[in-house]
1. Cβ-Cβ distance below 7 Å, separation of 6 or more or different chains: which pairs start in the range 11-28 with a residue that is open to solvent by 30 Å² or more (accessible area, probe 1.4 Å) and end on one that is assigned to a helix (DSSP H, G or I)?
2. Can you go through 135, 90, 146, 184 and tell me which one is closer than 23 Å to residue 217 by Cβ, of a type outside the set (Asp, Glu), assigned to a strand (DSSP E or B) and open to solvent by less than 60 Å² (accessible area, probe 1.4 Å)?
3. Quick one: which of 95, 45, 50, 120 is touching a helix residue (DSSP H, G or I) at 6+ places or on another chain (Cβ under 8 Å) and among the basic types (Lys, Arg)?
4. When the range 161-181 is examined, which residues are found to be buried (at least 16 other Cβ atoms within 10 Å of the Cβ), aliphatic (A, V, I, L, M) and within 13 Å of the ligand (Cβ to nearest atom)?
5. Can you tell me how many residues in the range 56-74 are touching a Lys or Arg at 6+ places or on another chain (Cβ under 6 Å) and either aliphatic (A, V, I, L, M) or under 23 Å from residue 31 (Cα atoms) (or both)?
6. Any residue at all in the range 23-37 that is within 20 Å of the chain's Cα centre (by Cα) and among the hydrophobic types (A, V, I, L, M, F, W, C)?
7. Take the residues of the range 115-132 that are surrounded by fewer than 24 Cβ atoms within 10 Å (Cβ to Cβ) and more than 14 Å from the ligand (Cβ to nearest atom): which is nearest to residue 176 (Cα to Cα)?
8. Which one of these is at pLDDT 95 or above and more than 21 Å from the chain's Cα centre (by Cα): 74, 78?
Amino acid sequence: MIKKAGVIGWPLKHTKSPLIHCYWLEKYGISGSYDANPIAPDDLKTGIQKLIDAGYSGFNVTVPHKETIMTMMDILEDSAQKIGAVNTVVLHDGKRIGRNTDAFGFIENLRESAPEFTFKGTALVLGAGGAARAVVYALKQQGMDVCIVNRTKDRADILAKDFGASSHAWSDIPSLLENAALVVNTTSLGMTGQPSLEINLKPTKACICDIVYTPLETDLLKQAKALNLKTVTGIGMLLHQARPAFEAWFGIMPDVDAPLRAKVLA
Ligand code: ATR
């Protein structure tokens with residue numbers, strides 16, 4: 001029987017997930033399908049049931065359903081519970097299992113792009129939105145000390161409290177940079193069409209990671225390169241977060257290779 005998976009979201013215009021999963025299905029010669037299923041917010045419950053009735057092995061979840069769908073799971077894995085969002089649903093033995101693979105994707109991307117990085121010391125995380133939650137969760141799991149800075153300080157305070165991190169004012173960035181082993185931009189600053197992230201990296205020796213991947217090389221990463229700092233782009237997080245989902249649905253842990261990277265960047 002053909003194994004089926006897909007992505008749900010609304011309006012589902014920009015998703016790269018079908019491209020990634022269909023690439024792997026072909027690469028590993030798996031008899032399976034992965035499709036895009038736009039589901040409006042009011043239809044979420046019935047939309048999920050339709051996929052279950054159609055025999056899906058599971059599906060990815062994107063905006064605006066990542067939080068709402070949490071209440072519709074039979075089992076919520078620790079990753080989803082702590083991050084507060086489900087991006088992957090596995091349908092197994094009549095159960096709906098909700099997980100979040102963003103933290104895995106973030107760490108694997110860092111491991112691949114900066115193999116010498118040891119996850120020791122302090123990480124400075126810029127931003128306190130949904131993406132920051134996954135990054136802070138991931139870094140705390142690796143045993144790092146995490147400092148969070150956000151335009152809206154209250155959000156940084158909440159995130160810090162939830163994960164045993166510390167929160168700081170935006171104006172503290174220069175002193176925090178001096179002590180950081182890793183800097184991660186999780187804000188939307190630097191993304192195509194958004195203002196640039198205006199910070200001066202001079203005081204730091206840290207590895208600089210941007211989870212923004214449009215453009216692939218943000219101004220922040222350009223500055224880091226000019227200062228000879230190790231840099232990590234955001235595209236790998238997107239690719240690596242898809243791997244455990246593919247494994248759960250189709251039975252093979254896929255790898256991220258150069259043709260896949262090129263396809264997604266094209
Ligand atoms: P995501 O789920 O992608 O993380 P989000 O939850 O909307 O999206 O978070 C966006 C992040 O970018 C937040 O940290 C936001 O800061 P606020 O919490 O103060 O809104 C940050 N951000 C967006 N625009 C910004 C700007 N112009 N200056 C500074 N930070 C900005």
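1. Close Cβ pairs (under 7 Å, with a partner that is assigned to a helix (DSSP H, G or I)) amount to 16/238; 16/264; 19/263; 19/264; 23/260; 23/263.
2. 184
3. None of the others qualify; the one that does is 45.
4. Across the range 161-181, the qualifying residue is only 173.
5. Number of matching residues: 3.
6. The answer is yes, given that some residue of the range 23-37 is within 20 Å of the chain's Cα centre (by Cα) and among the hydrophobic types (A, V, I, L, M, F, W, C).
7. 122
8. On the way: 78 fails: more than 21 Å from the chain's Cα centre (by Cα).
Of the residues listed, the single one that is at pLDDT 95 or above and more than 21 Å from the chain's Cα centre (by Cα) is 74.
The values are calculated or read from the model by the stated rules, or taken from the named source; none is laboratory data. Here the structure is a predicted model, which is why all the values come from computation and not from measurement. For neighbour counting, all protein chains shown are included, and Cβ atoms are generated from backbone atoms with ideal geometry for every residue, glycine included. With ligands, DNA and RNA removed, areas are computed over all heavy atoms of the protein, side chains included. Shrake-Rupley method; radii C 1.70, N 1.55, O 1.52, S 1.80 Å.
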